[in-house]
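Asks: Quick one: this structure, given as structure tokens, is what I'll be asking you about.
Every number here is computed from the coordinates shown, using simple stated rules; none is lab data. Quick caveat, the model's predicted, so the values are computed rather than measured. Note that each Cβ is placed from the backbone with ideal geometry, even for glycine, and that neighbours are counted across all protein chains shown.
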Amino acid sequence: MTTPFLEFVGVHKSFGATVALHEVALSVGEGELLGLLGPNGAGKTTLLSIAGCLLSATRGEVRLAGQRLDRHNRDLRRLIGVVPQEIALYGELTAWENLEFFATLYQLDRSVRKRRIEETLHVVGLTERAFDRVRTFSGGMKRRLNLGAALLHQPRLLLLDEPTTGVDPHSRNHIFEEVRRLHASGITIVYTSHYLKEVEALCQRVAILNEGHIVACDTVPGLRQQATGMIRFRVPEVTEPLRQRLDSLPATRFLEREGRPLELICNDPRSTVIRLFGLLKELGVELLSLETFAPDLEQVFLELTGSQLT
């Protein structure tokens, strides 16, 4: 991993008797795009809220650019852009007025404010709607403007909490491509989503949070190796020597059921197929049919958390 830019060090968060985060330890490299997955109530929003200085940890700390992150450190907080799960816009104001309001909060100098608003509206594809009231926007347009509000001050860390929830395909693709562009520009991004395909396509690493614990953090190929895949195949006859060799394949479980194809349960179907081919060739056994089922991120998530991502 590249140099840590964002670090969670033993971050624990309780709300009365309810523990939302349990001693979370997680590092995000500078310029990395990290996916954060977890079922509802896992603690994702709480973790991002602490990283965005919207909540304080009960104990532990967050470090940004090597410094302890503190809500009173305004210079450090200016490095952060937050896109919350709930739309944070004013419906009675126009798109321009919303961005002007946030530019004021970010204390952008008047000399650059107009230019940054124009650039931001262009980036999120809303230049032609700049002076329309936000209450007239579709859900997808509001999501895009919500993203724009977090980009006005050109942050180095972007926290995206479900940025494409409930949007139309056009807006989802627009946000998707903008995240790609921001990542390519060197911004460090933490991205939570219910869309597994998005996370697989966008993110270099994925952390899985369940009941306040980080239960896994790896690349998508690395996570897939933690779940089980399967190989189904048929041969003319299962002899005892073949049965014994299939039983002895490493990191593999052999299943034989009457009237059904033979099955090999394994973590790495690709390498297991190679071993199977070699074994059958050595024993002179004809292969009649073969299917492989590689684990996907959804299966990994289900096995690690015991629930589907909804």
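Asks: Based on the alpha carbon coordinates of segment 166-310, what radius of gyration and maximum Cα-Cα distance (Dmax) apply, in Å?
Replies: Spelled out, the Cα radius of gyration and Dmax of segment 166-310 are 20.1, 60 Å.
Asks: Out of all DSSP beta bridges in segment 4-224, what portion is antiparallel? Express it as a percent rounded to 5.
Replies: Among the beta bridges of segment 4-224, antiparallel pairing accounts for roughly 55 percent.
Asks: How do the peptides 231-238, 142-149 rank, highest first, by the average count of neighbouring beta carbon atoms within 10 Å per residue?
Replies: 142-149, 231-238
Asks: Working from Cα positions, state the angle (0 to 90°, nearest 10) between the long axis of helix 110-123 and the longest principal axis of the chain.
Replies: For 110-123 against the chain, the angle is about 40 degrees.
Asks: If Lys and Arg each add +1 and Asp and Glu each add -1, what is the summed charge of the other residues whose beta carbon sits under 15 Å from the beta carbon of His183?
Replies: -2
Asks: Working from Cα positions, state the angle (0 to 90°, nearest 10) between the long axis of helix 139-151 and the longest principal axis of the chain.
Replies: Taking Cα atoms only, the helix is inclined about 70 degrees.
Asks: Report, to two decimal places, the Cα Rg of the chain normalised by 2.2 N^0.38 Å (N = number of residues).
Replies: Output field value: 1.26.
Asks: For segment 248-256, in order, what is each residue's ³J(HN,Hα) by Karplus, 6.51 cos²θ - 1.76 cosθ + 1.60 with θ = phi - 60°, in whole Hz (x at glycine and Pro)?
Replies: 9, 4, x, 6, 9, 10, 8, 10, 10
Asks: Mind pulling the per residue volume of the convex hull built on the Cα atoms of segment 229-294? Å³ is fine.
Replies: Measuring per residue, one finds 75 Å³ for the Cα hull of segment 229-294.
Asks: Which shape class, rounded, prolate or oblate, goes with segment 99-206 when its Cα gyration tensor gives a ≥ b ≥ c as root eigenvalues, a/c under 1.5 marks rounded, and past that a/b bigger than b/c marks prolate?
Replies: It comes out oblate by the Cα gyration axes.
Asks: Show me 263-274, 102-113, 37-48 ranked by packing, highest mean number of other Cβ atoms within 10 Å first.
Replies: Highest to lowest by the protection proxy: 37-48, 263-274, 102-113.
Asks: I'd like the distance separating the alpha-carbon centroids of segment 156-208 and segment 246-308, in whole Å.
Replies: So the separation of the two Cα centres works out to 33 Å.
Asks: Amide H to amide H, which residues 5 or more places from Thr58 or on other chains are under 5 Å from it, using H placed in the peptide plane?
Replies: Under 5 Å from the amide H of Thr58: His12, Lys13, Ser14.
Asks: Between Phe293 and Glu237, what FRET efficiency follows from the Cβ-Cβ distance if R0 is 22 Å, with the result rounded to 0.05?
Replies: 0.35
Asks: With axes computed from alpha carbons, what is the tilt in degrees of helix 169-184 against the longest principal axis of the chain, rounded to the nearest 10 within 0 to 90?
Replies: Between the helix axis and the principal axis of the chain, the angle is about 90 degrees.
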